[in-house]
Amino acid sequence: MSEQPPTTAPVPGAPAPEAIRFFGTTWLNRDGGYWLRRVGFSVGALLATAAAVLVLRFGVEGVSLSQSGGFLNGLLTAAIAVCSMMAVMRTWKVLTEGKDRLTGWMAEDKSLGAVWLIGGAGTLAAYFARSLVEAPGESVKRAAYEQALAQHTKRQADRSGRPDAKTPGRGKRKR
């Protein structure tokens, strides 16, 4: 289980944390029903994963009922497994490192759309597994927020040396 983050008081003029779907900004201090939402999200992701697997199973059984042969059934099962693993890997990387860090085949949204659709059960499983550790995407948002807060603090510290130098209207005099 991850540690409780330090409670941060809002600094006037500081950047606001970015909201996470279903969690808002409660991830920042892990308050305001954060734990209840995380448990609900985990249960929901697990139920959605089970429903997606059931739909895929109906599809495989439909092909099996067509009596097209064991090779085709094995090929279909392997394709679903590969698509699910690709989706798990991509989703896990998005949730832990951010979408901007995707490279290669993981960055392809449109050309691999069918793969992500077939691997939807894997995506939901990755959301479930990540929600056991933190709110999905929390580490990415926390890192971005801490970086923005550090930049803000640095700018404020730079200004404290000569506060009148940054004041608008303090340029050269007109003659």
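For the structure I just gave you, tell me whether S42 is surrounded by 15 or more Cβ atoms within 10 Å (Cβ to Cβ), without any contact (Cβ under 8 Å) to a residue 12 or more places away in the chain, over 16 Å from K141 (Cβ atoms) and hydroxyl-bearing (S, T, Y).
So S42 does not fit the description; no.
Q147 fails exactly one of the following numbered conditions: (1) open to solvent by 60 Å² or more (accessible area, probe 1.4 Å); (2) not in a helix (DSSP H, G or I). What is the number of that condition?
For Q147, the exception is condition (2).
Of all the residues that make up segment 13-44, how many are in a loop (DSSP other than H, G, I, E, B) and out of contact with any strand residue (DSSP E or B) (no Cβ under 7 Å at 6 or more places or on another chain)?
18
When you check A126 against the structure, is it more than 17 Å from L47 (Cα to Cα) and either touching a Phe, Trp or Tyr at 6+ places or on another chain (Cβ under 6 Å) or of a type in the set (S, T, N, Q) (or both), yes or no? Spell out how you get there, then give the answer.
Working: more than 17 Å from L47 (Cα to Cα): no; either touching a Phe, Trp or Tyr at 6+ places or on another chain (Cβ under 6 Å) or of a type in the set (S, T, N, Q) (or both): yes.
When the stated conditions are applied, A126 does not pass them.
Report yes if G122 is farther than 30 Å from F23 by Cα, in a helix (DSSP H, G or I) and of a type in the set (G, A, S), otherwise no. Before the answer, list the steps.
Values: farther than 30 Å from F23 by Cα: no; in a helix (DSSP H, G or I): yes; of a type in the set (G, A, S): yes.
Taking the combined requirement at face value, the residue does not satisfy it.
Show the residue pairs meeting these rules: Cβ distance below 8 Å; 6+ apart or different chains; first residue within segment 56-79 and closer than 15 Å to I118 by Cβ; second residue surrounded by 10 or more Cβ atoms within 10 Å (Cβ to Cβ) and polar (S, T, N, Q).
These pairs meet every condition: V60/N73; V60/T77; V63/N73.
Read through the list (1) within 27 Å of R142 (Cβ to Cβ); (2) out of contact with any Lys or Arg (no Cβ under 8 Å at 6 or more places or on another chain), then give the number of the only condition that W27 fails.
The failed condition is (2).
Taking segment 45-99 on its own, how many of its residues are in a loop (DSSP other than H, G, I, E, B), within 16 Å of S131 (Cα to Cα) and open to solvent by 40 Å² or more (accessible area, probe 1.4 Å)?
The qualifying residues number 0.
Starting from segment 103-127, keep only residues that are loosely packed, with under 13 Cβ neighbours inside 10 Å, then list their pairs with residues that are part of a loop (DSSP other than H, G, I, E, B) whose Cβ atoms are within a distance under 7 Å, requiring at least 6 positions of separation or different chains.
Within 7 Å, the pairs are W105/L112.
Which residues, taken from segment 121-161, are closer than 26 Å to A50 by Cα and more than 15 Å from the chain's Cα centre (by Cα)?
Listed by number, the list holds a single entry, A121.
The values are calculated or read from the model by the stated rules, or taken from the named source; none is laboratory data. All figures in this text were calculated on a predicted structure; none of them were measured in a lab. Here Cβ is always computed from backbone atoms with ideal geometry, including for glycine, and neighbour counts include all displayed protein chains. Accessible surface is based on the protein model in full, side chains and every heavy atom, while ligands, DNA and RNA are left aside. Shrake-Rupley method; radii C 1.70, N 1.55, O 1.52, S 1.80 Å.
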